[in-house]
Amino acid sequence: MLGDEPAAPAGSPLADPMERINDAVRAGRIDTAARLADETLEHASRTLGAEHPEVRRLRELTAYIAYLAGEPVRAFRLSLDLAVACRRAGDAEAAYGNVRSAATAWRGVRDPLLGLELGRELTALWTELAAEGGPAADEAEELDSARARMDRLTARARDQRG
């Protein structure tokens with residue numbers, strides 16, 4: 001996400017804001033980065049459309065920042081919504097990448113009941129992507145790992161109810 005390549009193409013209306021966001025993340029100013037990302041995402045979604053490729057990239061960055069900020073549920077939601085948008089756009093690789101990002105965020109959710117709720121959404125989409133072939137089908141062990149976590153969450157939720 002924060003590589004050497006520009007976050008947005010030169011001349012893009014998102015080039016400068018995304019560079020400022022990336023600079024804030026690199027400097028460890030996560031709160032500033034989150035605020036800038038939210039503001040830029042809101043504006044870019046209105047002007048370019050929520051599924052514009054550059055807006056999708058900004059949504060990925062916003063999800064990453066939410067994860068860094070200790071907001072796993074928000075990071076999960078952003079990533080899973082983006083996976084659905086990428087799937088709709090016919091980009092199986094990006095859809096799967098965002099499913100994996102959602103899974104990473106999901107692992108940070110400590111409440112077993114919420115984890116189960118989110119996990120059902122995650123594994124349902126992941127199963128659909130795997131059935132369509134492509135990268136999700138090539139890494140079936142990752143989906144199996146998510147299902148195993150669902151089993152552990154089920155046991156923890158049952159123990160909590162006691």
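The largest accessible area among SER45, SER79 belongs to the first residue in SER45, SER79, and the rest follow in falling order (1.4 Å probe, all chains).
Within region 67-114, report the trypsin sites (Lys or Arg not before Pro) that DSSP leaves as loop and that have at most 11 other Cβ atoms within 10 Å. Hits after loop and neighbour filter: ARG110.
Residue farthest toward the positive end of the dipole of the chain, with Cβ of Lys/Arg at +1 and Asp/Glu at -1: which of PRO13, PRO72, ILE30? Result: PRO72, furthest along the dipole toward the positive end. The phi torsions of region 106-119, fed into the Karplus equation with coefficients 6.51, -1.76 and 1.60 and a -60° offset, translate into couplings of 4, 5, x, 7, 8, 6, x, 5, 5, x, 5, 4, 5, x Hz, rounded to whole numbers, with Gly and Pro shown as x.
What's the angle, to the nearest 10 degrees (0 to 90), between helix 72-88's Cα axis and the longest principal axis of the chain? Orientation of helix 72-88: about 80 degrees from the principal axis. Placing +1 on the Cβ of every Lys and Arg and -1 on the Cβ of every Asp and Glu, with nothing else charged, gives the chain a dipole about its Cα centre of roughly 680 debye. Using a probe of 1.4 Å, the accessible surface attributed to ASP81 totals some 80 Å² when neighbouring protein chains are kept in position.
Just how large is the dipole of region 104-144 about the Cα centre, in debye to the nearest 20, putting +1 at every Lys and Arg Cβ and -1 at every Asp and Glu Cβ? Before the final figure, lay out the partial values.
Numbers: 3 positive and 10 negative charges, 55 e Å.
Dipole size: approximately 260 debye.
Test of understanding: given the chain, find the longest segment containing no GluC sites (Glu not before Pro) that are in a DSSP loop and have at most 15 other Cβ atoms within 10 Å. Could you put the intermediate results ahead of the total?
Values: sites that count: GLU51, GLU132, GLU139.
Excluding the exposed sites themselves, the longest stretch runs over 52-131.
Over region 49-136, Cα pairs under 8 Å with separation of 6+ residues give a relative contact order of 24 percent. Taking Cα extents along the principal axes in Å as calculated from this structure, the corresponding entry among [x] 56, 39, 25; [y] 55, 34, 28; [z] 80, 27, 27 is [y].
The values are calculated or read from the model by the stated rules, or taken from the named source; none is laboratory data. Please read these numbers as outputs of a predicted model, since none were measured by experiment. Methodologically, a virtual Cβ is constructed for each residue, glycine included, from the backbone with ideal geometry; neighbour enumeration extends over all protein chains shown. Accessible surface areas use protein heavy atoms only, side chains included; no ligands, DNA or RNA. Shrake-Rupley method; radii C 1.70, N 1.55, O 1.52, S 1.80 Å.
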